[in-house]
Amino acid sequence: MESSPLETGGVVVERRHGRGAQTNRSGRYEPISYELTDDGWESLAELEALSTEVQEVPARRIITRNESPDIGFDRSINPYRGCEHGCIYCFARPTHAFLGLSPGLDFETKLFAKTNAAEALKRELAEPDYSVRTIAIGTNTDPYQPIERRYRIMRRILEVLDATNHPVGIVTKSSLVLRDLDILTSMAKRGLVRVALSVTTLDRRLARAMEPRASTPDKRIETLEKLVKAGIPTSVMVAPVIPGLTDMEMERILERVAVIGVKQAGYILLRLPLEIGDLFTEWLKENCPDRANRVLSLMRSTRGGKLYDAKWGERMVGDGPYAWMIGRRFEMAAERLGFNQDEYVPLRKDLFTPPVLPGQQLRLL
């Protein structure tokens, strides 16, 4: 059996098969750091493969607010904490440290399901001072990750939004979104929903290593096509764009989705805040050793010499000549292929009908 990496928190390959992270270092807030060490009797070989553990947790409130000036929404819902897709670059990984867990393998194997999310949402929408704005779902962890097949939390959230005529924007990497085509089609007819799928690469093998439990690139494009045919406003996010690894595919991704009728597109440069910098570097050196140094060098060239800079307005697109070139290439390809030509039509807010809770009076106005 292959030995675990030398870095603290290393986990042998056989135990982490089908996972994105290579290590499982303790979270940044933990006073003591733990690591597995072989006692000389090959005891690590006796450990079973990492399995997905789900803890059901009640949510007192489900709508999260933000005031970030470079994000186009002020509220979101995250049905789950942690994500089984295991995308190595996921910028939500550091949030697991707040739970005393590792942003590494813990993030993709120790998950939390907010099983009462729909009920909590209904309560919040019924509050007298609630003001309607589009709710974003999938901006942190994916609402259609594999455990959604069993828990159906996202389905129940959509049922509440559908019944109350509330606008919603969804981002996912999963074809499971098609399960809810009935609700999405109904909401689309009323101008209440948009769906975006992110496509990082068309290389199936690279995607398998980088996004091990997400839908394949071909499956995502097929999903986009079905959403378009169903009349649902749909867009593609070329995200994240990884300099020296996936940026050369940007035009081909846009060309693939243009022919199926997708009209809106965007991109985001790779973001590596907090622990993700080390996690991504480890993954890169193991999976793409011949390109690792170049990718890291290009990343630093787009972030002022660092792996990441959280500066407002630049964190999504980077800075410097290489970042400018990526942005210009995207703009030129989008213009050539006819993306983002239609006038942006906001989702409707005027149809909203607050839910009525048991014992609550109907609103007069």
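The values are calculated or read from the model by the stated rules, or taken from the named source; none is laboratory data. Everything numeric here is computed off the predicted structure, so don't read it as measured data. As a convention, Cβ positions derive from the backbone with ideal geometry for all residues, glycine included, and neighbour counts pool all protein chains shown. Side chains included, ligands, DNA and RNA excluded: accessible areas come from the protein's heavy atoms. Shrake-Rupley method; radii C 1.70, N 1.55, O 1.52, S 1.80 Å.
Annotations for the structure displayed:
- One residue stands out in segment 122-145 among those that are under 18 Å from Pro58 (Cα atoms) and part of a loop (DSSP other than H, G, I, E, B): the one that is modelled with the highest pLDDT, namely Pro143.
- Residue match in segment 176-199 (condition: within 30 Å of Thr246 (Cα to Cα), in a loop (DSSP other than H, G, I, E, B) and of a type in the set (A, V, I, L, M)): yes
- Tyr29 being among the hydroxyl-bearing types (Ser, Thr, Tyr), part of a loop (DSSP other than H, G, I, E, B) and modelled with pLDDT of 85 or more: no
- Taking segment 73-101 as the range and being open to solvent by 10 Å² or more (accessible area, probe 1.4 Å), farther than 18 Å from Pro143 by Cβ and either in a loop (DSSP other than H, G, I, E, B) or among the small types (Gly, Ala, Ser) (or both) as the test, the residues that pass are Asp74, Tyr89, Gly100, Leu101.
- Ala214 being closer than 24 Å to Asn78 by Cα and touching a Ser or Thr at 6+ places or on another chain (Cβ under 9 Å): yes
- Verdict on Gly169 being under 26 Å from Leu202 (Cβ atoms), among the small types (Gly, Ala, Ser) and crowded, with 23+ Cβ neighbours inside 10 Å: no
- Test: Glu119 is farther than 30 Å from His17 by Cα, more than 18 Å from the chain's Cα centre (by Cα), free of Cβ contacts under 8 Å to residues at least 12 places away in the same chain and not in a loop (DSSP other than H, G, I, E, B): yes
- Answer residue from segment 283-316, given it is touching a helix residue (DSSP H, G or I) at 6+ places or on another chain (Cβ under 9 Å), open to solvent by 50 Å² or more (accessible area, probe 1.4 Å) and assigned to a loop (DSSP other than H, G, I, E, B) and is modelled with the highest pLDDT among those: Arg291
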